[in-house]
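> Let me give you the structure first, and then I'll get to my questions.
Nothing in this text is a laboratory measurement; each read-out follows from the coordinates by a stated rule. For clarity, every value in this text was computed on a predicted model and none was experimentally measured. No Cβ is skipped: glycine too gets one built from the backbone with ideal geometry, and neighbour counts run over all protein chains shown.
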Amino acid sequence: MNQPTFDRLMDCPPRLHFWGNEWRVGGLGPPQLRLVERAVKGLGDRIEVIETGAGLSTLVFLALGARVLSFLTKPDLQERIGKAIDEYGLPAREWRYVLGQSEFTFPKYLDENPEAVCDLVLIDGGHLIHTVFTDFTYGFASLRQGGLMLLDDLQASSVAVLYRMLKASRFVEEIDVAGKTVAFRKKVKARLPGSWVETDLNDLPLDDIAQKSNAH
Ligand SMILES: C[S@@+](CC[C@H](N)C(=O)[O-])C[C@H]1O[C@@H](n2cnc3c(N)ncnc32)[C@H](O)[C@@H]1O
């Protein structure tokens, strides 16, 4: 763990993303980064992370001493992350990435690496419903029992649907939340979630979800 670099990333994060005619840090602010820090520290040393959607999260995981596999779409973003890794003195050898849309590359990766297992999955990529649910399915499959799944962007309707389903599942338990980001622990060994929703989704607390959807 490189605490000074983690603190530097908190205080002065690089603007790795470009949208709406502006360079941006991305969606993870200090409360979300603190959640990531708690999650990683709670899992122990030298953990394996898989993320869909790379950027500041990649640097933060590396600063926290994790080994990271990122699924990302943009070669230019991959180059900026590579430069930032050097600038912040992070270990480049601990970062692996796969370019392409995660809904296609993640299943292919697991098919080719059926033994792949990780301690933490961050789902923070595309928001199309098929992307979110594919990221979840393959993220869940690669996550060890007791590992953590972090979902960012609960304000997106696709992520909110997944969040409602996870809240109804006996296979995971919610352990932490920071605004629009939530952490679940995987309670089971199973690689696929199977038939896991036991509650009628309509019975779930919508107010709670609406509140998080408005959080930033
Ligand atoms: C809000 S950003 C967050 C990224 C990162 N976790 C961070 O902390 O900066 C979401 C990223 O997901 C990427 N993305 C969108 N659709 C994707 C897909 N289908 N597969 C992988 N990444 C995708 C976007 O290009 C964008 O860089």
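> Sorted by packing (mean other beta-carbon atoms within 10 Å per residue), highest first, where do 129-139, 36-46 land? Provide the component values of the computation, followed by the final result.
Numbers: 129-139: 20.6, 36-46: 16.8.
Ranking, from highest mean packing down: 129-139, 36-46.
> Determine the gain in length on full extension of the stretch GLU174-LYS189; use 0.36 nm per residue of separation and subtract their C-alpha separation, reporting nm with one decimal.
Result for the pair: 3.7 nm of gain on full extension.
> Loop-only trypsin sites (Lys or Arg not before Pro) in the range 97-177, please: DSSP not H, G, I, E or B, and at most 14 other Cβ atoms within 10 Å. Spell out each step's value before the answer.
Details: sites: LYS108, ARG144, ARG164, LYS167, ARG170; in loops: ARG170.
Passing sites in the range 97-177 are ARG170.
> Another one. Any lysines with Cα under 18 Å of the LYS180 Cα? List them, leaving off those in the same chain fewer than 8 positions away.
Within the straight-line cut-off, LYS180 pairs with LYS167, LYS212.
> A further question follows. Pop the C-beta distance of SER157 and GLU115 into the FRET formula with R0 = 45 Å and round what comes out to the nearest 0.05.
Efficiency, from the Cβ-Cβ distance: 0.85.
> Using Cα atoms only, what is the angle between the long axis of helix 129-142 and the major principal axis of the chain, expressed in degrees (0 to 90) to the nearest 10?
Taking Cα atoms only, the helix is inclined about 80 degrees.
> Take every DSSP beta bridge whose two residues both sit in the range 3-214, then give the antiparallel share in percent to the nearest 5.
45
> Could the peptides 56-64, 72-80, 154-162, 180-188 be put in order, highest first, of the mean number of other beta-carbon atoms found within 10 Å of their residues?
Numbers: 56-64: 25.8, 72-80: 15.1, 154-162: 18.6, 180-188: 20.4.
Packing order, densest peptide first, comes out as 56-64, 180-188, 154-162, 72-80.
> Only residues of the range 26-61 count here: report those whose backbone N is under 16 Å from the spot 7 Å along Cα→Cβ of ASN2, or say none.
46-47, 55-61
> Let's see if you can work this out: charge +1 on each Lys and Arg Cβ, -1 on each Asp and Glu Cβ, no other charges. What is the dipole magnitude of the range 1-97 about its Cα centre, in debye to the nearest 20?
Roughly 120 debye, rounded to the nearest 20.
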